[in-house]
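Enquirer: First the structure, then my questions, so here it is.
Just so you know, all these numbers are worked out from the coordinates, no wet-lab data involved. If you're wondering where the values come from, they're calculated on a predicted model, not measured in any experiment. Here the Cβ is made from the backbone with ideal geometry for all residues, glycine too, and neighbour counts use every protein chain on show.
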Amino acid sequence: MSSPIALVTGASRGIGRGIALALARAGHSVAINYASNRDAAEECQHLCQAAAPPGSSATFGIFPGDISTTSGREQLLNSVIERFRWIDLLVNNAGVAPSERKDLLEASEESFDRLIRINLRGPYFLTQAVANFWLSGLAAHASRPRPKIITISSMSAYTASINRGDYCVSKAGLSMMTLLFATRLAGEGIGVFEIRPGIVATDMTGPVKEKYDRLIADGLTPIPRWGVPEDVGRAVVAIAQDLFPYSTGEVINIDGGFHIRRL
């Protein structure tokens, strides 16, 4: 059997790149999706090639596609299927932050619509499309690992930030999306999981680094450090390797313990 095949959206940088590299190290082939930054996607591809185990059959490709649009999702999925013929793992990672943080009472409909379109609508309907593709071909691929869906949400799925309410709502929607698809697909042998990163050092969090440096130093997280993309990547690999065969709809917090209620 060829190496397992993963499609990772938004994989050119940040957490997505960390996931792609972790999967490459574990011997997976990776379809590296990007929306606009081809140079970053090519760099990720080269890093994955260097990270793959010696003698691995894993291969890596870059695939443009804006998942917020119907045509972008169709282009992406068709291109990946044409190249790899199958997908064993879908990682819904692509997402954006608000262009400008604004108080809840001042935030615009345009910002809300942008975040819902990219962060929630895109993953929702890409998952639908991949699930339907699987259901049409599972019998012919019975010897492969059971398919899995992993959605990267955020601690913002349950943590209220009144200066980026649109972002929080989009991430909370991903949590319900996970439960819905987990319920619908469990009988088909397809596992569905949510990973909730906390404060992770990426381009997205760069502008607020000083703020979170102070909060972490003051005890915001029991584990007193920033997260790194590799932390999320390792969790993805554990799921991809089917180490949770009797689980679905599960949430895995990669947040340094932020979610723990403390007195």
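Enquirer: Quick one: Pro98 ticks every box in (1) closer than 14 Å to Val130 by Cβ; (2) in contact with a helix residue (DSSP H, G or I) (Cβ under 6 Å, 6 or more places away or on another chain) bar one, so which box is it?
Expert: Against the list (1) closer than 14 Å to Val130 by Cβ; (2) in contact with a helix residue (DSSP H, G or I) (Cβ under 6 Å, 6 or more places away or on another chain), Pro98 comes up short only on (1).
Enquirer: When Asp39 is evaluated against the numbered criteria (1) free of Cβ contacts under 8 Å to residues at least 24 places away in the same chain; (2) in contact with a helix residue (DSSP H, G or I) (Cβ under 6 Å, 6 or more places away or on another chain), which criterion, by number, is the only one it fails?
Expert: Going through (1) free of Cβ contacts under 8 Å to residues at least 24 places away in the same chain; (2) in contact with a helix residue (DSSP H, G or I) (Cβ under 6 Å, 6 or more places away or on another chain) one by one, Asp39 breaks only (2).
Enquirer: Here's a follow-up. Of the conditions (1) more than 27 Å from Arg13 (Cβ to Cβ); (2) outside any helix (DSSP H, G or I), Ala182 clears all except one; give me its number.
Expert: With (1) more than 27 Å from Arg13 (Cβ to Cβ); (2) outside any helix (DSSP H, G or I) applied to Ala182, the lone miss is (2).
Enquirer: Next question. Tell me which of these Ser68 doesn't satisfy, since it passes every other one: (1) buried (at least 21 other Cβ atoms within 10 Å of the Cβ); (2) closer than 25 Å to Ala142 by Cα; (3) among the hydroxyl-bearing types (Ser, Thr, Tyr).
Expert: It is condition (2) that Ser68 fails.
Enquirer: Among the numbered conditions (1) touching a Leu at 6+ places or on another chain (Cβ under 9 Å); (2) within 23 Å of Val30 (Cα to Cα), tell me where Ile195 comes up short.
Expert: Of (1) touching a Leu at 6+ places or on another chain (Cβ under 9 Å); (2) within 23 Å of Val30 (Cα to Cα), only one is false for Ile195: (1).
Enquirer: Something else about it: Within region 77-114, which residues are among the hydrophobic types (A, V, I, L, M, F, W, C) and touching a strand residue (DSSP E or B) at 6+ places or on another chain (Cβ under 9 Å)?
Expert: Leu77, Val80, Phe84, Trp86, Ile87, Leu89, Leu90, Val91, Ala94
Enquirer: Would you mention how many residues in region 199-230 are closer than 25 Å to Asn37 by Cβ and surrounded by 12 or more Cβ atoms within 10 Å (Cβ to Cβ)?
Expert: Of the residues in region 199-230, 14 are closer than 25 Å to Asn37 by Cβ and surrounded by 12 or more Cβ atoms within 10 Å (Cβ to Cβ).
Enquirer: Consider only pairs whose beta carbons are under 7 Å apart and that are at least six residues apart or on different chains; among these, list those whose first residue lies in region 14-25 and is touching a residue at least 60 places away in the same chain (Cβ under 8 Å) and buried (at least 24 other Cβ atoms within 10 Å of the Cβ) and whose second residue is part of a helix (DSSP H, G or I) and of a type in the set (Gly, Ala, Ser).
Expert: Pairs found: Gly18/Gly233; Ile19/Gly233; Ala22/Gly233; Leu23/Ala240.
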